[in-house]
Amino acid sequence: MLIFRIIIDFFIFFFKSVGSLAIFILETVKWTLRKPFRKQVFLEQMEKIGIQTLPVALISSTFTGMIFIVQLYYSLKQYNLESVCPGSLGLSLIRELAPVLAGLVMAGRVGAALTAEIGTMKVTEQIDALTTMGVNPIQYLSSPRFLSTTFAMLGIVIMADFVGILGGMVVGKFVLGLNSTTFISQAFADVTLKDFFASMIKGLTFGMIIAWIGCWKGFYVRGGSKGVGKATMESVVIAMELILLWDYILNLIIW
């Protein structure tokens, strides 16, 4: 009987969480489309979320391109297929590696920050104070962060695509002895507009996931400062898992 009770409790918790998240997403989208638009808050969050996260994301993409080209080169060399390394790197980074890695970096840094910031406001009753003053907390806190995370993620993914290929080119030229001009031309030879659009769609939707999960966990924090820490950890884990799941679904849809 105990095992059935555990299973029932799990499903009750799961469906309550899914329902709560769905309602929160709908509320965030609804208030994002309503005036007044918090332009100042949006710009502040763009600086915190986008510009401050950009170096970490680009460094990660650069090293990914450097590592991946080495693995490709020595794996394909035994089949005398070294010439396809740049093209394989370009497709892999733009279609998959750059957006996913940027999403995971953003989930770890931005998702945690959003939950911690809003969660702290929740436990210190600042959100209740906003409601008392007649300000909708979702419109004031969640909507600007939703927009800024989404657009920041899009920009970061676009830059990560090119920076990763440049990182691979540097290693290809100075370590593997490949021609840099030929490398760049081959890296983009098989890349189509569909690949770029797919990368951009992943960036936009990954940003939405990170913002929704981060803000949602912050708004529903329970248990004081200990609850903030727990919610922050859960926010990062859930966002990362949803990014990977959604990436899989998008790959099935697009390709």
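The values are calculated or read from the model by the stated rules, or taken from the named source; none is laboratory data. Predicted model, so just to flag it, every value in this text is computed and none were measured. Neighbour counts run over all protein chains shown; Cβ positions are idealised from the backbone, glycine included.
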Check your understanding: Taking region 50-67, which residues are modelled with pLDDT of 90 or more, in contact with a Gly (Cβ under 7 Å, 6 or more places away or on another chain) and not polar (S, T, N, Q)?
Key -> F63, G65, M66
Review point. Out of curiosity, is S148 farther than 19 Å from Q45 by Cα and either out of contact with any strand residue (DSSP E or B) (no Cβ under 6 Å at 6 or more places or on another chain) or free of Cβ contacts under 8 Å to residues at least 60 places away in the same chain (or both)?
Key: no
Review point. If we scan region 149-161, do we find a residue that is of a type in the set (S, T, N, Q), within 30 Å of L81 (Cβ to Cβ) and either over 20 Å from the mean Cα position of the chain (by Cα) or part of a helix (DSSP H, G or I) (or both)?
Key: no
Check your understanding: When you scan region 120-142, how many residues do you find that are assigned to a helix (DSSP H, G or I), farther than 25 Å from K230 by Cβ and of a type outside the set (V, I, T)?
Key -> 1
**Study point:** Some residue of region 101-123 being modelled with pLDDT under 90, more than 20 Å from the chain's Cα centre (by Cα) and of a type in the set (S, T, N, Q)
**Key:** no
Practice item. Taking the residues in region 163-221 that are modelled with pLDDT of 90 or more and of a type in the set (S, T, Y) as candidates, determine which candidate is nearest to S142 (Cα to Cα). Key: T205
Review point. Given the structure, is L252 modelled with pLDDT under 95, more than 23 Å from I49 (Cα to Cα) and surrounded by fewer than 18 Cβ atoms within 10 Å (Cβ to Cβ)?
Key: yes
Practice item. Please list, ordered by first then second residue, the pairs with beta carbon atoms under 8 Å, 6 or more apart or interchain, first in region 28-47 and within 21 Å of I213 (Cα to Cα), second modelled with pLDDT of 85 or more and not in a helix (DSSP H, G or I). Key: W31/N136
Exercise for review: Kindly indicate whether A187 is buried (at least 16 other Cβ atoms within 10 Å of the Cβ), closer than 22 Å to L91 by Cβ and hydrophobic (A, V, I, L, M, F, W, C).
Suggested key: yes
Check your understanding: Which condition does R5 not pass, out of (1) over 27 Å from the mean Cα position of the chain (by Cα); (2) basic (K, R); (3) under 18 Å from A211 (Cα atoms), if it passes all the others?
Key -> (3)
Review point. If you scan region 32-72, which residues turn out to be closer than 17 Å to A152 by Cα, polar (S, T, N, Q) and surrounded by 12 or more Cβ atoms within 10 Å (Cβ to Cβ)?
Key: T32, Q45, Q52, T53, S60, S61
Check your understanding: Being touching a Pro at 6+ places or on another chain (Cβ under 7 Å), surrounded by 22 or more Cβ atoms within 10 Å (Cβ to Cβ) and either among the hydroxyl-bearing types (S, T, Y) or at negative phi (or both), is that true of even one residue in region 147-157?
Key -> yes
Exercise for review: Run down S20, S75, S92 and say which single residue is out of contact with any strand residue (DSSP E or B) (no Cβ under 6 Å at 6 or more places or on another chain), exposed (fewer than 15 other Cβ atoms within 10 Å of the Cβ) and in contact (Cβ under 8 Å) with a residue 24 or more places away in the chain.
Suggested key: S20
Study note, to complete from the structure: Of the candidates G87, G103, the one satisfying the condition of being surrounded by fewer than 22 Cβ atoms within 10 Å (Cβ to Cβ) and either touching a residue at least 40 places away in the same chain (Cβ under 8 Å) or not in a loop (DSSP other than H, G, I, E, B) (or both) is G87
Review point. If we scan region 158-179, do we find a residue that is of a type in the set (K, R) and closer than 17 Å to E27 by Cα?
Key: no
Review point. Does K226 fit the bill of being at pLDDT below 95, basic (K, R) and closer than 12 Å to A112 by Cα?
Key: no
Review point. From the set of residues in region 167-183 that are more than 21 Å from S60 (Cβ to Cβ) and of a type in the set (A, V, I, L, M), which is surrounded by the most Cβ atoms within 10 Å (Cβ to Cβ)?
Key: L178
